[in-house]
1. If you look at just the Cα atoms of the range 301-449, how large are its Rg and its Dmax in Å?
2. Under a 5 Å amide H to amide H cut-off, with H placed in plane at 1.01 Å, what residues pair with Leu32 once short-range neighbours are removed?
3. With Kirkwood's inverse mean 1/r over C-alpha pairs for Rh, give me the Rg to Rh ratio of the range 306-363, two decimals please.
4. For Arg58, enumerate residues with amide H under 5 Å from its amide H, sequence gap 5+ or separate chain, H modeled in the peptide plane.
5. In the range 256-358, if the dipole is taken from +1 on Lys/Arg beta carbons and -1 on Asp/Glu beta carbons about the Cα centre, which of Ile288, Ile334, Val300 is farthest to the positive end?
6. Which whole number of Å³ per residue matches the convex hull of the alpha-carbon atoms in the range 219-337?
7. Which order do peptides 428-438, 379-389 fall in by mean Cβ count within 10 Å, highest first?
8. Out of the range 278-371, which GluC sites (Glu not before Pro) are coil in DSSP terms and have no more than 16 other C-beta atoms within 10 Å?
Amino acid sequence: MGPIALAWALATNPLECWTREHFEKPIVRVGLPIGEAVLVHEPGAIRRVLLDNTANYRKDALQRRVLSAGLGDGLLSAEGEQWQVQRRTLAPMFARRTVTNFAPAMMSAADALVDRWSQRGDGQIVDVAAEMTRTTLDVLERTIFSDGLGCDAERFRIAMGTYFNTLGRIDPLDLLGAPAVVPRIGRWRVRSTLRFFDAAIDSIIATRRRRLAEQFGNAPKDILTLLLDALDPATGKRMTLAEVRSNILTFITAGHETTANSLSWSLFLLSQSASWRERIQAEADREIGGPVEGLAERLVETRSVVEEAIRLYPPIAAISRVAIGADELAGQAIKAGSIVVIAPYVLHRHRGLWNSPDAFDPERFVGDSRKGIDRFAYLPFGTGPRTCIGSGFALQEATILLAAIMHHFSLRMVPDHVVWPILRVTLRLAGGLPMTVERRQSGGRNGVVSGLSTLPQPQRSPEQVPTIQNV
Ligand code: HEM
């Protein structure tokens, strides 16, 4: 691409910058106004950048600016000593056992979605992408603030929508490397929203602190209590109010649209594969309604669909770092200051790393098959010290929600709607995901399915599933 076409693509849909070459070569170099970018999709080189030589690669200014605007110094944007302290303080909150305790809250968000859709009546067209965003936000509300958002709940939700819609773009000034003090119009517009968030979260924190002081042991066991109680295991210190607030906003930002997109892509892919749809419905009919404890672990095939969906459509489509000093990656010299881009979107469809890379085949993640996947060829959650802290939370949530939806409903694509991925911080569906929703005739919770949807479904072999290359 020439410089103008490249700048346009980066500003509108950076995903469209990738060419065939990127999916075939281990390393591709590109000149950008802000310096050289090196696109690295070779497992050994990725291991060096994200794990073995992390001291030489820090998060680059562009990613920090785009992802972190308004997040203050939460875990996602913090660096150095501050990041280390926060990571070890927050780690127990996302440990397996703690995450398992959140399963009932996730199931109640699923129940709320089922009630909402059931009330609409059969045959309604629903923007499934918007509904997934709403539901994952509901999960975060139920797990972070389990006693509610207070009287400003609706305003809080509306402000959240404004925040995400405005921040989703790479500002041309960021690409030109303009200093942070130069105001970006998008950020300028969300200033008052951010001020409102700060004030709303501070008031929720103050109420909880009072509750913890007055009714110790009786306060909700949610993420907010865990954050306020968390101690740095090395120093015994608590986080400051600013850090608690930044991390709440960080969890909401990092955890809500990413998980929503993985669900939307899963539902889209399932709508294209009759055999997987039937397998997932059978698993969901067997497990949904049984004990919530251990549910996500029993939903083995449902989880494999989510894992395959985030292979084909990784919500974080590109991870970038800046080289502090010179290095060598896959036999090529890397200059200090180069931007190293590792794009899960490209990596997960790389011709040299995957069989039938564009095919939807969740079988890759079932049982022993997953042992054949190189650890550095599948990175929806990144890897190394800065790997996603919420990966277990996200996978459990997406698995439970997907199974609940598949148990209760039959979804099919609206004819003529073209599905197209668009990168706006996360990998979304351009124009949403309009689908026709029908209630399945299941015998209630854990009931026997007496009839699957008889509506005609487009029959496609996995190879024909539309992707960016063959739509
Ligand atoms: C499917 C859903 C998700 C995906 C695909 C995803 C992906 C990622 C990726 C790729 C990174 C690493 C970025 C880098 O190395 O530059 C990351 C970091 C992070 N994620 Fe997630 N994430 C998801 C869900 C969540 C959830 C649910 C939470 C929290 C509730 C969360 C919180 C974070 C945080 C705090 C970081 C920064 C970690 C650090 O720097 O130490 N994410 N995520």
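1. Taking only Cα atoms of the range 301-449, I get Rg and Dmax of 18.8, 63 Å.
2. When sequence neighbours closer than 5 places are left aside, the close amide H contacts are Ala37.
3. 1.10
4. Val322, Ile324
5. Ile334
6. Expressed per residue, the convex hull around the Cα atoms of the range 219-337 is 216 Å³.
7. The most tightly packed comes first, giving 428-438, 379-389.
8. Glu293
The values are calculated or read from the model by the stated rules, or taken from the named source; none is laboratory data. Remember, it's a predicted structure, so these values are computed and weren't measured experimentally. Neighbour counts are summed over all protein chains in view; Cβ atoms, including those assigned to glycine, are modelled from backbone coordinates with ideal geometry. For the accessible areas, the whole protein counts, side chains as well, though only heavy atoms, and no ligand, DNA or RNA atoms are used. Shrake-Rupley method; radii C 1.70, N 1.55, O 1.52, S 1.80 Å.
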